[in-house]
Amino acid sequence: MIEAFNLKAAIEYQLDNVDGAREALADMPPRDEGELDQVTLHNTALLEQNVSEGFRKLNFLLQSRISPPETLVNLLLLYCQHNYFNLAADILAENGDLTQRFLPRDEQEFLDCLIMAANPAAAEDAYKRFEELGARHLDALRKGTKAIQEARRNSRDQALVKRHLTEFEEALAKYVPVLMGQAKIFWDLENYGQVEKIFRNSAEYCSDDEAWKLNVAHVFFMQEKYKECIRYYEPFVRKQRADAGLLQVQAVVLANLCVAYVMTSANEEAEELMRLVEKEEELREN
């Protein structure tokens, strides 16, 4: 039963339905934290709304030495996500044996780049290392694209085509965080033109990726290219509204889209968006 609830939570998490994942774990028979198995404790840590509690649980698992293999990388990624780069560096230094066992080379290099980029004095070196890592991922994406095209042209085996598509998606999932880390170096320097250039150079493979499109919208907004940012924000907001409601859209996205509407004299669209948000807020309160 516990395994089934964890698997259900994992599926919801992969589908970006965090609330659904939390509900799956909450449906388990009640147990005190000290009674939880390692997998459940790991999963509740990832879904913690209180980030500090998530860190505490993952650190406890890591120190117990009987943690799921994913514990190390998830703790490191969470630290980096919340800008605790020094803590991430400490975890890497203190757990060399686990790093060798459970952290793939690409992920270790990616984390090293993130930690390095947090130091302004090392930003240039971090960019070069991101570029080298990104080049390897791009090579995998090119090979994946070629494999998909050849499979579609020469084979009627849909399973083979599907396998190549899955491999391409996995390669893209590894490349996008590298790209974002590289772009963030210039974002922090407020060099938005260079960020836009980085995104344009990656459009061939990333133009259908939601995170890529959202960040392109942000960089257009920061450059006051309001018509362009509307073109990227609008589909994202529509999709989120259809899937989970406007209240699940990041506030900065809604605010930026409203400002962009006003700055392009689309006041009616801005007012309509605000009315829809207010309506959803009222429904939630009732």
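The values are calculated or read from the model by the stated rules, or taken from the named source; none is laboratory data. In this text the structure is predicted, and so the values were computed from the model without any measurement. Every residue, glycine as well, gets a Cβ built from its backbone with ideal geometry; the counts of neighbours run over all protein chains shown.
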Selection from region 23-49 of residues surrounded by 19 or more Cβ atoms within 10 Å (Cβ to Cβ), under 18 Å from the mean Cα position of the chain (by Cα) and not aliphatic (A, V, I, L, M) yields Asn43
Leu246 meets each of (1) surrounded by fewer than 17 Cβ atoms within 10 Å (Cβ to Cβ); (2) touching a helix residue (DSSP H, G or I) at 6+ places or on another chain (Cβ under 6 Å); (3) modelled with pLDDT under 95 with one exception, condition (1)
Listed by range, helices (runs of 4 or more DSSP H) wholly within region 14-119 having at least 3 residues that are charged (D, E, K, R) and touching a residue at least 12 places away in the same chain (Cβ under 8 Å) are 105-117
The condition of being among the hydrophobic types (A, V, I, L, M, F, W, C) and not assigned by TED's automatic domain parsing to the domain that holds Leu179 holds, among Ala117, Ala88, only for Ala88
Restricted to region 55-105 and to residues being within 22 Å of Val178 (Cβ to Cβ) and in contact with a His (Cβ under 8 Å, 6 or more places away or on another chain), the residue surrounded by the fewest Cβ atoms within 10 Å (Cβ to Cβ) is Glu70
When every residue in region 267-286 that is surrounded by 14 or more Cβ atoms within 10 Å (Cβ to Cβ) and in contact (Cβ under 8 Å) with a residue 24 or more places away in the chain is compared, the one farthest from Leu214 (Cα to Cα) is Glu280
A careful count of residues in region 181-193 that are touching a Phe, Trp or Tyr at 6+ places or on another chain (Cβ under 8 Å) and closer than 13 Å to Phe130 by Cβ gives 5
Within region 157-214, residues touching a Gly at 6+ places or on another chain (Cβ under 8 Å) and crowded, with 18+ Cβ neighbours inside 10 Å come out as His164, Phe168, Ala171, Tyr175, Val178, Leu179, Gln182
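Please tell me if Ser52 is surrounded by fewer than 18 Cβ atoms within 10 Å (Cβ to Cβ), of a type outside the set (A, V, I, L, M, F, W, C), out of contact with any Pro (no Cβ under 9 Å at 6 or more places or on another chain) and not assigned by TED's automatic domain parsing to the domain that holds Leu111.
Numbers: surrounded by fewer than 18 Cβ atoms within 10 Å (Cβ to Cβ): yes; of a type outside the set (A, V, I, L, M, F, W, C): yes; out of contact with any Pro (no Cβ under 9 Å at 6 or more places or on another chain): yes; not assigned by TED's automatic domain parsing to the domain that holds Leu111: yes.
Yes: the conditions hold for Ser52.
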Ala123 fails exactly one of (1) in contact (Cβ under 8 Å) with a residue 40 or more places away in the chain; (2) not assigned by TED's automatic domain parsing to the domain that holds Val195, namely (2)
For Ala10, the lone unmet condition from (1) in a loop (DSSP other than H, G, I, E, B); (2) closer than 24 Å to Gln248 by Cα is (1)
